[in-house]
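I have placed the structure first, in the form of structure tokens, so that the comments after it can refer back to it.
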Amino acid sequence: MLYPISTKSRAVHSLNGVWRFMQGAHSPQEVLSTNEVMVVPTSFNDVVVDKDKRSYIGDNWYETEFSVPRLDSKEELVIRFGSVTHHGAIYVNGQFLGEHKGGFTPFEFVVPEELYQEETIRLTVCVNNELNYTTLPVGNYVEEVQEDGSVRKKVLENFDFYNYAGIHRNVHLYTRPKNHIKDIIVTTQLSEDLSEAVVKVDVQSVTPVEEVRMTIFAEDKKVVGRLENGQLHIQSPRLWEVLDAYLYSVRVELWEKGELVDTYTESFGIRSVKVENGQFFINQKPFYFKGFGKHEDTYINGRGLNEAANLIDLNLLKEIGANSFRTSHYPYSEEMMRLADRMGIVVIDEVPAVGLFQQFSAALDLLGDGEKQRNTWELMQTKEAHEQVIDELIARDKNHPSVVMWVVANEPASHEDGARAYFKPLIERMRETDPQHRPVTLVNIMMATPDKDQVMDLVDVISLNRYYGWYVHHGDLSKAEKGLREELLRWQSLYPDKPILITEYGADTLPGLHSMWDIPYTEGYQIDYYTMNHGVFDEISNLVGEQVWNFADFETNVMLIRVKGNHKGLFSRNREPKQVVREFKKRWLAIPDYHYKSK
């Protein structure tokens, strides 16, 4: 899906701002009668103050009006949402326009032509935040009967972060030609010596036109060349490199009878990605991931778009020598992806397939309540949602040079019977749908040990979330070191040709808490914990990267082991560094982005 930009044939208007807001039952045929308002985009949870409203599960109604721009007979009016979490039903003047399931990818609808003569249009959005065993993320949906006989809906998250909801990203109103460019697919192929690139561009339009003109520009806007038969050879291309980004752009024009019908410009980078001989290569060089798992999580905004936070996060990331992040545990905003492209940050792109483990708890079931275990793959009915999020993520992010790998799921029950039958077609779908055929991984949970896991032979990279010294051998770093080393060596022995990536490791730490001894939650223990892990990582030849959990402290649901959120961040939630940041900066600045684990 194309990001909304203004061109000679397209005009984009923002519908962000203060909308009317109400929770509960409402008929969209009626004007939303309420004194309450809500900012778009944001999570409603951290803007409302009332506790019941903050945790409300059900229908949340948003409404605004917009002026109808002037359109000619060849144009149409489109409403586009960057994301609505988790289900959005859209109405114009009380008329149902369409709906979208899934809270992290964009969608759009064409406004009915009979409304183009109106002065203003009333836009109503019903945002539903229910999660269950058919949705991604997975939620445990329950209904509780209150003392007054009313029913209160609840979602017990099957994941360890807060279930923020609302209109989370930009809302745009834009005009485009009825016969328009639907999609642009850019692929590049580099020669072995990197001296030549072949750029191929596939353009999809509503109906065929007489002529499609495609021109590639360098960053300085100089013409590189015009495509013939959808491709162009570039000699001595300037590559998109890690922390040294270079973006070309392709301008696509549709022409009919000597007139410009539609035009759009798409940025792209030239770089190669492959997995081979236990290493991960970018531009034919073995790459070492240094970075983080993150969350879209800030004060007040919650999971709502915060472009200032995006920029400071990437500035902090680069400052301490990191080069990458994973979009744990859902697709991040389009704005963040475009920023990563521009800044040369490597991205591992993940669908919202989290919670696919019936027996999950944040403490790896150390605090389980004894509920009888049921087979995840007999209980969950998420296949349809999973196929949808794969298709929508790749449709959105396929042209981003920052994206080097896809994640099909985070910490599923890949050790339970049925996991292989569930994931094999999804992994194949992810690999085949991507025009660039990037590597695909699945992030493995600690219980899915090498002797129990059923799916890791299907993926390109062994991605492991490991908490030796925290959830396992808590506070005993000597035992933790031994256990971590033994497991990583088993994975390497089992899959000698696959790279190993640590996608999570971390210890909750409260800023300012210190001790003379190795006491968990202290800043000293956090330093010792990471020192132990890094020593083991450097022994494993196939280990190609380390991504800390987490970049910054973040909000979670309420549980015994969470003291106002998860505190595994290297930074506090308001982005102040903990003591360990200095140690990471020393380590990561000493580790080159390329050739650290050359064989």
Rounded if a/c is under 1.5, else prolate if a/b is larger than b/c, else oblate: which is the stretch 246-316, with a ≥ b ≥ c the root eigenvalues of its Cα gyration tensor? oblate
Along principal axes, Cα extents of the stretch 397-539, largest first, whole Å: 54, 34, 26
Computed over the stretch 181-268, the relative contact order (Cα-Cα under 8 Å, seq sep at least six) in percent reads 29 percent
Surpassing 23 Å at the alpha-carbon level, of the pairs LYS221/LYS294; LYS294/LYS318; LYS294/LYS424; LYS200/LYS274, are LYS221/LYS294; LYS294/LYS424
Footprinting exposure proxy for VAL536, VAL224 (fewest neighbouring C-beta atoms within 10 Å first): VAL224, VAL536
HN-Hα couplings for the stretch 415-426 via Karplus (6.51, -1.76, 1.60; θ = phi - 60°), in whole Hz with x for Gly/Pro, come out as 9, 9, 4, x, 5, 5, 5, 6, 8, 4, x, 6
The stretch 90-140 - percent relative contact order, Cα under 8 Å, separation 6 or more: 38 percent
Work out from phi, with θ = phi - 60° and the Karplus expression 6.51 cos²θ - 1.76 cosθ + 1.60, the ³J(HN,Hα) of each residue of the stretch 289-306, listed in order in whole Hz, and give x for Gly and Pro. 6, 10, x, 9, x, 10, 9, 7, 7, 9, 4, 6, 6, x, 9, x, 3, 9
Gyration tensor verdict on the stretch 100-244 (Cα atoms; rounded if a/c is under 1.5, prolate if a/b is larger than b/c, oblate otherwise): oblate
Which far-off residues, 5 or more places away or on another chain, put their amide H under 5 Å from the one on LYS182, with H placed in the peptide plane? GLN204, SER205, VAL206
At 0.36 nm per residue, minus the direct Cα-Cα distance, what do GLU539 and LYS222 gain on full extension? Give it in nm, one decimal, please. 109.4 nm
Could you list, in their original order, any pairs among LYS8/LYS222; LYS222/LYS597; LYS222/LYS290; LYS101/LYS182; LYS290/LYS398; LYS101/LYS585 whose Cα atoms are separated by more than 31 Å? LYS222/LYS597; LYS222/LYS290; LYS101/LYS585
Going by average Cβ density within 10 Å per residue, which order do the peptides 61-74, 415-428, 154-167 take, highest to lowest? 154-167, 415-428, 61-74
Which of the aspartates and glutamates could a cross-linker span from LYS285 if the Cα-Cα distance has to be under 15 Å and same-chain partners fewer than 8 positions apart are dropped? GLU192, ASP193, GLU241, ASP244, GLU276, ASP593
Quote the relative contact order of the chain in percent (integer), defining contacts as alpha-carbon pairs under 8 Å separated by 6+ residues. 13 percent
Net charge within 14 Å of ARG152 by Cβ-Cβ distance, Lys/Arg positive one each and Asp/Glu negative one each, not counting ARG152 itself? -2
For the stretch 11-177, report the % of Cα-Cα distances exceeding 20 Å. 52 percent
Row for the chain, column shape: gyration tensor on C-alpha, a ≥ b ≥ c, rounded if a/c < 1.5 i.e. under 1.5, prolate if a/b over b/c, else oblate; value oblate
Treating cross-link reach as a plain straight distance, find the lysines whose alpha-carbon is under 23 Å from the alpha-carbon of LYS51, omitting any fewer than eight places away in the same chain. LYS153, LYS154, LYS564
Need one number: nm distance between label points at ASP451 and GLU576, each 7 Å from Cα along Cα→Cβ, rounded to one decimal. 4.7 nm
Once both label points are put 7 Å beyond Cα along the C-beta direction, the SER493-LEU194 separation in nm becomes 3.7 nm
What number in nm² do you get for the stretch 181-268 if you take the convex hull of its Cα atoms and divide its surface by four? 6.1 nm²
Per-residue ellipticity at 222 nm attributable to helices in the chain (runs of n ≥ 4 DSSP H, -39500 (n - 2.57) apiece, nearest 500 deg cm²/dmol) works out to -5500 deg cm²/dmol
Footprinting proxy, SER236, SER43, SER463: sorted fewest to most Cβ within 10 Å, the residues are SER236, SER463, SER43
Note, ³J(HN,Hα) from phi for the stretch 115-121, Karplus 6.51, -1.76, 1.60, rounded to Hz, x at Gly and Pro: 8, 5, 8, 6, 6, 9, 10
Sorted from fewest to most neighbouring beta carbons within 10 Å, what does the list MET337, MET532 look like? MET532, MET337
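Since every read-out is calculated from the coordinates, none of them should be taken as a lab result. Fair warning: this is a prediction, and the values are worked out from it, not measured in the lab. Positions of Cβ are backbone-derived with ideal geometry, glycine not excepted, and every protein chain shown enters the neighbour counts.
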